[in-house]
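Derivation of every value follows stated rules applied to the coordinates shown; laboratory data play no part. All figures in this text were calculated on a predicted structure; none of them were measured in a lab. With ideal geometry, Cβ positions are generated from the backbone for all residues, glycine too; neighbour counts draw on all protein chains shown.
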Amino acid sequence: MVVIERGNPHEPQATALLQASQLLMQSLFPPEDNAYLSIDELCSENVHFFVARNGAMLQGTGALVINKKYGEIKSMFVDPKARRQGIAATILKSLEELAHRTGLRLIQLETGNKLQAAVHFYERHGFIICEPFGRYTSNPSSIFMKKLL
């Protein structure tokens with residue numbers, strides 16, 4: 001049974017998943033278009049990092065960055081061997097519930113144009129494409145999305 005819980009990005013299994021995600025992004029996009037947070041940045045006070053645990057194994061990660069007017073979804077990644085089991089949807093639901101509990105009414109994210117499965121996933125969960133937000137600027141690799149809670 002998969003359990004979503006607060007996690008530590010420096011825990012070895014979490015670090016391994018985050019590094020796998022970062023390596024994928026580095027293989028797909030130019031360095032200047034990669035917007036993932038470092039493992040240390042995921043430990044910031046305004047970042048809530050979650051893991052999907054199945055017994056002793058971590059199978060996914062996700063984070064919510066709390067900003068003044070919106071939350072930002074970051075570091076969504078599921079181990080390729082554990083995909084198609086609803087883990088990403090369960091992580092996303094936990095992040096949305098946290099955003100709602102903290103009083104946020106808007107969540108946003110940036111994903112890559114070569115990650116069409118991710119874009120379709122977010123669309124199925126109510127996200128729509130939007131303009132760049134926060135510190136982001138338009139670039140050829142990024143797709144920006146938002147969802148009102």
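Residues in region 97-103 carry Karplus couplings, in order, of 5, 5, 4, 4, 4, 8, x Hz; the curve used is 6.51 cos²θ - 1.76 cosθ + 1.60 with θ = phi - 60°, and Gly or Pro positions show x.
With a cut-off of 13 Å between beta carbons, the residues surrounding residue 118 carry a summed charge of +2, where Lys and Arg count +1 and Asp and Glu -1. For the chain, the relative contact order works out to 20 percent when only alpha carbon pairs closer than 8 Å and six or more residues apart are counted.
Using the Cβ of residue 64 as centre and a radius below 9 Å, the other residues enclosed give a net charge of -1, where K and R count +1 and D and E count -1. Taking Lys and Arg as +1 and Asp and Glu as -1, the other residues whose beta-carbon sits under 12 Å from that of residue 104 total +3. In plain terms, the residue of 74, 146 with the fewest other Cβ atoms within 10 Å comes first and the most crowded comes last, giving 146, 74. Think of the chain as having a plus end and a minus end, set by charges on the Cβ of Lys, Arg, Asp and Glu; of 34, 130, 48, 130 sits farthest toward the positive end of this dipole. Amide H contacts of residue 130: 144, 145, 146, each under 5 Å away and 5 or more positions distant or on a separate chain (H built 1.01 Å from N in the peptide plane; Pro and chain starts excluded). Residue-wise HN-Hα couplings along region 44-55, as the Karplus relation 6.51 cos²θ - 1.76 cosθ + 1.60 with θ = phi - 60° gives them from phi, are 5, 4, 8, 10, 10, 9, 10, 10, 9, 10, 10, x Hz; Gly and Pro carry x.
If the segment from residue 5 to residue 40 were pulled out straight at 0.36 nm per residue, it would be longer than the present Cα-Cα gap by 10.7 nm.
A Cβ-based charge dipole, computed about the Cα centre of the chain with Lys and Arg at +1 and Asp and Glu at -1, lands at about 480 debye. Stretching the chain fully between residue 84 and residue 139 yields a gain of 16.8 nm (0.36 nm per residue, less the alpha carbon separation).
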